[in-house]
Structures are given as C-alpha cells and as structure tokens.
Amino acid sequence: MGRFRDQLFEPGTMVQRAAERKPGVEVMLDKPFAIQPDLGTSFTVADLAGVVESFAGRLYALGVRPGERVVVYKTNNADIVAIALAVARIGAVPALLHPSLTGDTVNALLDMLRPRVVLTDADKLTVQRWEPAGFATGEVRVLLAAGRVSGLTTVGDVLPVPVPQPEFTDPSAVRIITHTSGTTGLPKLVAQTAAGLAAHIGFQHRVTKLRARIPLRWAMCTSFVHIRTYSALGTVLRRGWPFAMLADHDVDTAREVFLRFKPHLVETHPNQFIEWEQFATDPARPLRQVRFFVNTFDAIHLRTVRRLMAATDRRFVVYFQGYGQTESGPVTIKFYTRSVARWAHDRCVGYPLVGRTRFRTDGTPQRPGRIEVSTRGRALTYLGQEQRFADQCDGDWWDMGDVGYRSRWGCLHLLDREVDRIDGLASGLLVEDALMDRLPQLREVIVVRGGAEILQPLVCTKSDAPLDMPAWQAATADLPAMHAPLHVRWADLPVTATAKVRRIELQRMLAQNTLPILAGSPFLVHEEI
C-alpha cells in the first residue's frame, strides 16, 4: 500500500514529502505571497512547506475539517497554490475559482459547489459583487486570506494549531475541484480524483525523462486554478527541481524573472508564448538557457514554435505540444525540434503514450470526425451537471468536443472545435496558421462565420499597428474567400483565464456591434449565433 500511495497525487502532502527529501530546492516568484509577504520572492521548498503547514494550522483552528469543500477565490497570486495545498493538507477539498470570474459567474458556481468555507481577500470582496448562498444564515463562512474587512476574520490573525495527518485511503475520492475555461458559457466544475491525477503526473514523468540527467530549472506561467499547475508541481517536486511561478504574464515581468532564474524549461499557454516571441530578438536573451518549451492543452501556431526556438542559445531544444483537457488529462504529445518545426505544416498534435492513452476518430482530412479519447487521467464528473458529464462518455471513451482525423502514420490531427466549425471549411485553424506564418506583424488572427457564408477574419497586430493591406492581400490569395479583415485590439477580445478566445461570445459581440473595431466594417458579420 505504501508504494501505491506514493504513486497517488496527494496535494495535501506532496510539498511536505518533497521538503523531507530535498529541503533546499529553490523556489522563485515574481511577487511575494500575499499571505506571507515577508518570505519575499526567493526561498526554498522547506519554506514553502512551512507556509502550507502554518496556513493549514490556522484553517484547522478556524474549524475547517476533512471532507469539507473550501472555495478559493482571491486576487491572482502564486499563494493560491499554497492555500490550495493547505486546504488539502487538512483533508478538505479545495475548489479553485479563477480571479477573473465575474460576480454573477462566481455566484452560479457557488450555488453548485455548496461549500462550507469561502477563502477570499479584501480586494475581491470590494471589487466584485458576489455572495455565497447561505452566508447570511451562517451555513457558509467567508474567511479572508489577506487584507481586512469589517466583520470578517483574516486567517493570518489566528494562531496555527497542529493538524492531524489526513487519511488518504480511497484513490477514487475527490481531491481537488477546478473548472473549465468557459469558452462556450458558464465554466463547468471538474472533480478530480487522486488516481486520475496520478496518471497526469505519470505521463509527465515519462516525458520529462528526455535529457533530464541533471536538475531542470522549471518556470511555470500557468493559471493557479488550472489542474495543470498542480500536476506540473507534482512533477517538479518529485524530481527535486528548482521552479519559478509567475503571477503576471506581461513581457517585462517575465523578462526580469527569466534573467534571474535562468530556466531550462518554460511552460505557459500558447497565447502567452505568442507575446514572448519578441524574446527572440531581445539582446539580453532571457530565454538563452531554455532546453524545453511546454504548452498546455491548447493549439499552438508553428510560427510561435519557431520564434521561441530562435530565442534560446541551446544547440538542442525541444518544444512539447500537449493535447488534452481538464476532463481527460493529457492525451497526446508532439515533439518539435528545430528541424521538425522548420518543415512542419499541418495540425498534427502528436501520438498517445502506449498503455496510457488512446484516441479514436472516423474523420478524414476532407471530412474531419469527432475525436474521442480513453485515458487513465479522466476526471470523475461535473459537479452540479453530472448528467452532462455522463452524456460525453461512452464507456471508457470521452468526447473531446473537437474534430480531426488520424493520419496514415497514426498521428492525431486536430482541425477545429466542433462548436466552431464553419460550413464548407475543412479547418479554420489551418487558415489561421497560414496567416500567422505569412504575416509576422500579426499578434493573432481569428476566423469566424461572416455574412453570405464568407469567412470573416479578425486580426490583432503587434502594438496595434495598422495592418499592411498589400501583404494581407498577398497572404490570402490562395486561401478561401474572406471579407476584408476587421482590425481589433487583443485586449478587447473576450478570452478565458488561459487566454483562449471565446469565439461564440466574439461572434455575438460582432453581431451586436459591441466589439471595438480599429479598422474595417463589422456590418458584414453573420448574425446567427
């Protein structure tokens, strides 16, 4: 049983176990923890374990007990991770809500969660309008992780007490609750088990064996409420690797941290990597020591892969493109070297790991089909929407909501989200990839349905510079017919917590003429949503 337990994903004890093995491993942040600012931005795994144990002791003194659901909804900071681990240390179940969620969305999710405790901070209470059902009657208790609000208790004001070691005996029990990105509406609450998340880490363990003979310095710039952050943390803690966690995604902050930390592996979501393409021409070379780039779950433009590889001075560099979902865990992995990236031109997202993941589809390049997967890392259910989760299952198979096909070599090609498909177009993603490759000034391009069933492209340029129209016309000459592009600011687009464009909401904004347009005529956009 001891060996089996060691293979499980136990967020409540993994930092303590790591501190016992290698207490001096370096941890770096871009800003101090709000719950313990005196720790600064550079400390050790032993210090992190101390923060987790202390916060857990304070929560235990305030009455939090094993099995209770504790919502964490606070201002963005890496201490969200420490708080989640502290909740799990007690044996309670952390339910993590992204700081960018609106008050109405938070209220809807709280109604489904029915937590015992909500951990928040003064900023969230004063900026967002939300209140958990049961707060007025005392059924739900609101505690402050940081700051002061009259009538509420700040966790840091309470003395910690010893916390009994939790009994983790059921690998099918829920250990952590996260939520989906909400690209199509209200985010879905995903219940993750220890056994399922152990499969996430097992997948990554095998992948990171590649050229990992020395400790890799791992920099993570991922959402602190995304399950990927916790499975990645489980990997680095097991291996005893130094790691950095960035709360701010802006270029200047990342540049400063990378120059200080000198990472060997950098992980973030694809749209953030697009922002960091400029590091390829930065004289300071902040990514010069990077050996591995990893992107989480979403599609990546090949131009970005090539630019990132130009930003490192390492002779051998690998870009890992992972395909998966919060619900399924990792499904396939695609390895890009410089030579592979130079010649790649398709939507291959890689191959499954033998014995761990499988996929099936009846699609072809001309008629993409539904993608279903079978993985060890599948989540348990959607809380409050259990039937919706069950409807996407066919025995061991999970409907990804994507369309694509299997190549003759067994590679999975991802062509579109099913809800984003455009009639008569094999793949909107392929059109977008072609435009990003051909037009270096683009920050992003999104293709949606337009009037008269003609494609409507929206373009975001670097620094919002005017689009080079002659270059645009040359780039689109051999592509499907399109309306004139609408030039928009990236900051004005509706995006998720991981910067995925919410295409349904975008099309609604276009139809209702509520999206600010820098240049172009939006009246041509199709009005059927």
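The values are calculated or read from the model by the stated rules, or taken from the named source; none is laboratory data. Only a predicted model underlies this, so the values are computations on that prediction, with no experimental measurement involved. All Cβ positions, even for glycine, are placed from backbone atoms using ideal geometry, and neighbour counts span all protein chains on display.
Some values worked out for this structure:
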{"item": "Lone unmet requirement of (1) closer than 19 Å to ASP399 by Cβ; (2) touching a Ser or Thr at 6+ places or on another chain (Cβ under 9 Å) for CYS348", "result": "(1)"}
{"item": "Where THR75 falls short, out of the listed (1) more than 24 Å from THR222 (Cα to Cα); (2) among the hydroxyl-bearing types (Ser, Thr, Tyr); (3) touching a helix residue (DSSP H, G or I) at 6+ places or on another chain (Cβ under 6 Å)", "result": "(1)"}
{"item": "Qualifying residue in segment 497-505 (condition: on the phi < 0 side of the Ramachandran plot, modelled with pLDDT of 90 or more and within 28 Å of the chain's Cα centre (by Cα))", "result": "no"}
{"item": "Selected residue (only one of VAL106, VAL190, VAL207 is at pLDDT below 80, of a type in the set (A, V, I, L, M, F, W, C) and closer than 28 Å to GLY401 by Cβ)", "result": "VAL207"}
{"item": "Close pairs (7 angstrom Cβ cut-off, 6 or more residues apart or separate chains): within 17 Å of GLU275 (Cβ to Cβ) in segment 239-251, of a type in the set (S, T, N, Q) and part of a loop (DSSP other than H, G, I, E, B) anywhere", "result": "ALA247/ASN76; ALA247/ASN77"}
{"item": "Which numbered condition SER521 misses (of (1) crowded, with 16+ Cβ neighbours inside 10 Å; (2) farther than 25 Å from ILE300 by Cβ; (3) among the small types (Gly, Ala, Ser))", "result": "(1)"}
{"item": "Considering residues of segment 43-62 that are farther than 14 Å from VAL93 by Cα and in contact (Cβ under 8 Å) with a residue 60 or more places away in the chain only, the residue surrounded by the most Cβ atoms within 10 Å (Cβ to Cβ)", "result": "PHE55"}
{"item": "Qualifying residue in segment 416-426 (condition: outside any helix (DSSP H, G or I), touching a residue at least 12 places away in the same chain (Cβ under 8 Å) and over 16 Å from LEU455 (Cα atoms))", "result": "yes"}
{"item": "Selected residue (criterion: modelled with the lowest pLDDT) from residues of segment 341-369 that are out of contact with any helix residue (DSSP H, G or I) (no Cβ under 9 Å at 6 or more places or on another chain) and not in a loop (DSSP other than H, G, I, E, B)", "result": "TRP343"}
{"item": "Of residues in segment 79-114 being of a type in the set (S, T, N, Q) and over 17 Å from the mean Cα position of the chain (by Cα), the one nearest to PRO132 (Cα to Cα)", "result": "ASN107"}
{"item": "Unmet requirement for GLY401, which otherwise passes all of (1) farther than 26 Å from MET112 by Cα; (2) in contact with an Asp or Glu (Cβ under 6 Å, 6 or more places away or on another chain); (3) surrounded by fewer than 19 Cβ atoms within 10 Å (Cβ to Cβ); (4) not charged (D, E, K, R)", "result": "(1)"}
